[in-house]
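Some notes on the structure that comes next.
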Amino acid sequence: MNGGQDLGGQMGFGPVQPEPNEPIFHAEWEKRVLAINVAAGAMGAWTIDGMRAARESLPPAEYLSSSYYEIWLAGLHRMLVEKGFVTPEELTQGQPLSPAKTPKRVLKGEEVASVLRRGFPYEREAAAPARFAVGDAVRTIVMHPQHHTRLPRYARGKTGVIERVTGCHVFPDTGAQGLPETAQWLYTVVFTGPELWGRNADATSSVSIEAWESYLEPA
(Lines give C-alpha, C1' and ligand atoms only; values in the text may rest on other atoms or scores of the structure.)
Protein backbone atom coordinates (compact mmCIF):
# COMPACT_ATOMS: atom_id res chain seq x y z
CA MET A 1 0.00 0.00 0.00
CA ASN A 2 1.06 3.59 -0.53
CA GLY A 3 0.42 5.17 2.84
CA GLY A 4 1.59 7.79 5.27
CA GLN A 5 4.38 5.53 6.51
CA ASP A 6 6.20 5.54 3.14
CA LEU A 7 8.02 8.88 3.31
CA GLY A 8 11.21 8.21 1.33
CA GLY A 9 12.05 11.25 -0.76
CA GLN A 10 9.09 13.28 0.44
CA MET A 11 9.68 16.94 1.30
CA GLY A 12 8.18 19.21 3.92
CA PHE A 13 8.57 16.95 6.95
CA GLY A 14 11.72 18.60 8.27
CA PRO A 15 15.14 17.08 8.91
CA VAL A 16 15.75 13.90 10.87
CA GLN A 17 16.96 14.99 14.30
CA PRO A 18 19.12 12.28 15.94
CA GLU A 19 18.68 12.15 19.71
CA PRO A 20 22.03 11.67 21.51
CA ASN A 21 21.91 8.85 24.06
CA GLU A 22 18.32 8.16 23.12
CA PRO A 23 16.56 6.08 25.81
CA ILE A 24 14.82 2.83 24.88
CA PHE A 25 11.54 4.27 26.16
CA HIS A 26 10.55 7.90 26.57
CA ALA A 27 7.66 7.20 28.96
CA GLU A 28 6.43 4.39 31.19
CA TRP A 29 3.33 3.80 29.07
CA GLU A 30 5.52 2.87 26.10
CA LYS A 31 6.83 -0.13 28.04
CA ARG A 32 3.27 -1.31 28.58
CA VAL A 33 2.40 -0.92 24.90
CA LEU A 34 5.39 -3.06 23.91
CA ALA A 35 4.50 -5.71 26.50
CA ILE A 36 0.85 -5.84 25.43
CA ASN A 37 1.87 -6.15 21.77
CA VAL A 38 4.16 -9.09 22.59
CA ALA A 39 1.47 -10.81 24.66
CA ALA A 40 -1.23 -10.20 22.04
CA GLY A 41 0.99 -11.35 19.18
CA ALA A 42 1.71 -14.58 21.02
CA MET A 43 -2.00 -15.44 20.86
CA GLY A 44 -1.40 -16.59 17.28
CA ALA A 45 -4.31 -14.71 15.72
CA TRP A 46 -2.20 -12.68 13.25
CA THR A 47 1.25 -12.49 11.71
CA ILE A 48 3.87 -9.80 12.15
CA ASP A 49 3.09 -8.64 8.62
CA GLY A 50 -0.61 -8.47 9.43
CA MET A 51 0.23 -6.20 12.36
CA ARG A 52 2.46 -4.03 10.19
CA ALA A 53 -0.42 -3.69 7.73
CA ALA A 54 -2.76 -2.64 10.56
CA ARG A 55 -0.37 0.14 11.58
CA GLU A 56 0.18 1.29 8.02
CA SER A 57 -3.59 1.35 7.37
CA LEU A 58 -4.06 4.21 9.82
CA PRO A 59 -5.27 7.42 8.16
CA PRO A 60 -2.19 9.42 7.06
CA ALA A 61 -3.03 12.40 9.26
CA GLU A 62 -3.27 10.14 12.31
CA TYR A 63 -0.14 8.18 11.40
CA LEU A 64 2.02 11.25 10.76
CA SER A 65 0.91 13.04 13.93
CA SER A 66 1.46 10.01 16.21
CA SER A 67 4.59 8.85 17.99
CA TYR A 68 6.13 5.42 17.41
CA TYR A 69 4.33 3.67 20.24
CA GLU A 70 1.09 5.58 19.65
CA ILE A 71 1.11 3.98 16.19
CA TRP A 72 1.77 0.57 17.77
CA LEU A 73 -1.17 1.04 20.14
CA ALA A 74 -3.55 2.20 17.41
CA GLY A 75 -2.55 -0.75 15.21
CA LEU A 76 -3.13 -3.15 18.09
CA HIS A 77 -6.57 -1.67 18.75
CA ARG A 78 -7.49 -2.17 15.11
CA MET A 79 -6.26 -5.77 15.06
CA LEU A 80 -7.95 -6.75 18.34
CA VAL A 81 -11.28 -5.42 17.06
CA GLU A 82 -10.86 -7.03 13.64
CA LYS A 83 -10.10 -10.43 15.17
CA GLY A 84 -13.00 -10.24 17.61
CA PHE A 85 -11.10 -10.03 20.89
CA VAL A 86 -12.61 -6.68 21.91
CA THR A 87 -15.28 -4.31 20.65
CA PRO A 88 -14.86 -0.58 19.98
CA GLU A 89 -17.16 0.07 22.94
CA GLU A 90 -14.93 -1.98 25.24
CA LEU A 91 -11.88 -0.01 24.14
CA THR A 92 -13.70 3.25 24.79
CA GLN A 93 -14.92 2.20 28.24
CA GLY A 94 -11.75 0.33 29.22
CA GLN A 95 -13.59 -2.75 30.47
CA PRO A 96 -15.09 -5.97 29.09
CA LEU A 97 -18.77 -5.83 28.16
CA SER A 98 -19.18 -9.42 26.96
CA PRO A 99 -17.38 -12.77 27.34
CA ALA A 100 -13.92 -12.65 25.78
CA LYS A 101 -12.88 -14.70 22.76
CA THR A 102 -10.52 -17.54 23.68
CA PRO A 103 -7.08 -17.17 22.07
CA LYS A 104 -5.10 -20.08 20.63
CA ARG A 105 -2.25 -19.47 23.08
CA VAL A 106 -1.60 -17.44 26.21
CA LEU A 107 1.92 -16.17 26.90
CA LYS A 108 2.90 -16.86 30.52
CA GLY A 109 5.11 -14.45 32.42
CA GLU A 110 7.84 -17.02 32.94
CA GLU A 111 7.96 -17.65 29.18
CA VAL A 112 8.57 -14.07 28.08
CA ALA A 113 12.37 -14.04 28.32
CA SER A 114 12.81 -17.25 26.34
CA VAL A 115 10.25 -16.19 23.72
CA LEU A 116 12.02 -12.87 23.18
CA ARG A 117 15.41 -14.57 22.94
CA ARG A 118 14.07 -17.09 20.44
CA GLY A 119 12.23 -14.50 18.40
CA PHE A 120 9.89 -15.44 15.60
CA PRO A 121 11.93 -17.05 12.80
CA TYR A 122 10.61 -16.49 9.29
CA GLU A 123 13.29 -18.27 7.28
CA ARG A 124 12.01 -21.27 5.32
CA GLU A 125 13.44 -24.05 3.18
CA ALA A 126 13.75 -22.95 -0.44
CA ALA A 127 11.73 -24.78 -3.09
CA ALA A 128 14.05 -23.63 -5.89
CA PRO A 129 17.51 -22.06 -6.31
CA ALA A 130 17.91 -18.32 -5.91
CA ARG A 131 17.35 -16.44 -9.15
CA PHE A 132 19.97 -13.78 -8.39
CA ALA A 133 23.50 -13.75 -6.95
CA VAL A 134 25.74 -11.17 -5.27
CA GLY A 135 26.86 -8.60 -7.81
CA ASP A 136 23.88 -8.99 -10.14
CA ALA A 137 22.29 -5.79 -11.42
CA VAL A 138 18.54 -5.80 -10.83
CA ARG A 139 15.58 -3.50 -11.31
CA THR A 140 12.66 -3.30 -8.90
CA ILE A 141 9.18 -3.63 -10.30
CA VAL A 142 6.69 -0.78 -10.35
CA MET A 143 3.51 -1.60 -8.46
CA HIS A 144 0.87 0.10 -6.37
CA PRO A 145 -0.82 -2.70 -4.41
CA GLN A 146 -3.87 -2.15 -2.22
CA HIS A 147 -2.31 -4.46 0.38
CA HIS A 148 0.83 -4.42 2.51
CA THR A 149 4.20 -4.64 0.78
CA ARG A 150 7.80 -4.26 1.94
CA LEU A 151 8.95 -2.67 -1.32
CA PRO A 152 9.18 1.06 -0.58
CA ARG A 153 7.49 3.38 -3.03
CA TYR A 154 10.67 5.43 -3.50
CA ALA A 155 12.60 2.32 -4.61
CA ARG A 156 10.19 1.07 -7.28
CA GLY A 157 11.41 1.05 -10.86
CA LYS A 158 15.00 1.63 -9.70
CA THR A 159 18.22 -0.18 -10.63
CA GLY A 160 20.51 -1.55 -7.95
CA VAL A 161 22.98 -4.32 -7.23
CA ILE A 162 22.55 -7.45 -5.11
CA GLU A 163 24.94 -7.16 -2.18
CA ARG A 164 23.69 -10.10 -0.14
CA VAL A 165 21.51 -13.19 -0.51
CA THR A 166 19.82 -13.59 2.87
CA GLY A 167 17.96 -16.87 2.43
CA CYS A 168 14.36 -17.85 1.77
CA HIS A 169 11.82 -16.06 3.96
CA VAL A 170 8.06 -15.78 4.41
CA PHE A 171 6.62 -13.42 1.81
CA PRO A 172 5.03 -10.50 3.68
CA ASP A 173 2.70 -9.33 0.92
CA THR A 174 0.56 -12.47 1.16
CA GLY A 175 1.17 -13.07 4.86
CA ALA A 176 -0.31 -9.70 5.77
CA GLN A 177 -3.52 -10.64 3.98
CA GLY A 178 -3.99 -13.85 5.94
CA LEU A 179 -3.41 -15.97 2.85
CA PRO A 180 -1.64 -19.36 3.01
CA GLU A 181 2.02 -18.92 3.81
CA THR A 182 4.45 -18.65 0.90
CA ALA A 183 8.19 -18.03 0.94
CA GLN A 184 10.63 -16.39 -1.44
CA TRP A 185 14.33 -15.69 -1.66
CA LEU A 186 15.25 -12.45 0.05
CA TYR A 187 18.05 -10.15 -1.10
CA THR A 188 19.77 -7.04 0.16
CA VAL A 189 19.89 -4.61 -2.76
CA VAL A 190 21.99 -1.43 -2.73
CA PHE A 191 21.01 1.69 -4.70
CA THR A 192 23.03 4.83 -5.26
CA GLY A 193 21.68 8.11 -3.98
CA PRO A 194 21.32 9.61 -7.47
CA GLU A 195 19.41 6.52 -8.67
CA LEU A 196 16.82 7.04 -5.95
CA TRP A 197 16.78 10.81 -5.51
CA GLY A 198 17.96 12.18 -8.85
CA ARG A 199 21.12 13.73 -10.29
CA ASN A 200 21.38 16.39 -7.58
CA ALA A 201 21.64 13.76 -4.81
CA ASP A 202 24.89 13.08 -2.98
CA ALA A 203 26.84 10.83 -5.35
CA THR A 204 28.61 9.17 -2.42
CA SER A 205 25.37 8.12 -0.70
CA SER A 206 23.65 4.77 -0.99
CA VAL A 207 20.60 3.02 0.40
CA SER A 208 20.17 -0.72 0.94
CA ILE A 209 16.75 -2.38 1.14
CA GLU A 210 15.58 -5.94 1.74
CA ALA A 211 13.75 -7.12 -1.39
CA TRP A 212 11.89 -10.38 -2.00
CA GLU A 213 12.53 -12.11 -5.31
CA SER A 214 9.20 -11.21 -6.93
CA TYR A 215 10.07 -7.52 -6.44
CA LEU A 216 13.05 -7.87 -8.78
CA GLU A 217 13.86 -8.43 -12.42
CA PRO A 218 17.21 -8.50 -14.25
CA ALA A 219 18.46 -5.02 -15.13
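The values are calculated or read from the model by the stated rules, or taken from the named source; none is laboratory data. Bear in mind the structure is a predicted one, so any value in this text is a computation, not a measurement. Please note: Cβ atoms are built from the backbone with ideal geometry, for glycine as well, and neighbour counts cover all protein chains shown. The accessibility values were calculated without ligands, DNA or RNA, using every heavy atom of the protein model including side chains. Shrake-Rupley method; radii C 1.70, N 1.55, O 1.52, S 1.80 Å.
If one takes the longest principal axis of the Cα atoms in the chain, at what angle in degrees, from 0 to 90 and to the nearest 10, does the Cα axis of helix 68-82 lie? Once rounded, the angle reads 60 degrees. Per residue of the chain, the DSSP helices (runs of n ≥ 4 H) give a summed -39500 (n - 2.57) that works out to -8000 deg cm²/dmol at 222 nm. Annotation: lysines with alpha-carbon distance below 20 angstrom to LYS83 (same-chain offsets under eight excluded): LYS101, LYS104. The residues of the chain expose on average 61 square angstrom of accessible surface per residue, using a 1.4 Å probe on protein heavy atoms.
What is the packing order of peptides 36-42, 9-15, 105-111, 209-215, taking the mean over residues of other C-beta atoms within 10 Å and listing the highest first? Present the calculation step by step, with values, prior to reporting the outcome.
Numbers: 36-42: 16.4, 9-15: 7.6, 105-111: 10.7, 209-215: 19.9.
Top to bottom by mean Cβ count within 10 Å: 209-215, 36-42, 105-111, 9-15.
Place a point 7 Å from Cα of PHE120 in the direction of its Cβ. Which residues in the stretch 52-72 have their backbone N less than 11 Å from it? Residues 52-53 qualify, since their backbone N sits under 11 Å from the label point.
Each residue, ILE48 and LEU179, gets one label point 7 Å from its Cα in the Cβ direction; the gap between the two is 2.1 nm. Computed about its Cα centre, the charge dipole of the chain is approximately 340 debye, with only Lys, Arg, Asp and Glu carrying charge at their Cβ.
Under the criterion of Cα pairs below 8 Å and six or more residues apart, the relative contact order for the chain equals 20 percent.
From the alpha carbon centroid of the stretch 114-148 to that of the stretch 66-98 is 30 Å. For the pair SER208 and ARG131, label points projected 7 Å from Cα toward Cβ lie 2.2 nm apart.
When ILE141, ILE24 are compared by accessible surface with a 1.4 Å probe, the order from highest to lowest is ILE24, ILE141. Computed from the C-beta positions of GLU19 and SER65, the FRET efficiency with R₀ = 30 Å rounds to 0.95.
The alpha-carbon atoms of the chain, seen along their principal axes, cover 57, 45, 35 angstrom, with the largest extent given first.
Could you check how much of the accessible area of the chain is carbon and sulfur, as a whole percent, using a 1.4 Å probe? The nonpolar share, carbon plus sulfur, comes to 55 percent.
Between the residues GLY167, HIS77, GLY44, the greatest Cα displacement towards the positive end of the dipole of the chain, with unit charges on the Cβ of Lys, Arg, Asp and Glu, is found for GLY44.
Counting only alpha carbon atoms, the long axis of helix 28-41 and the longest principal axis of the chain meet at about 90°.
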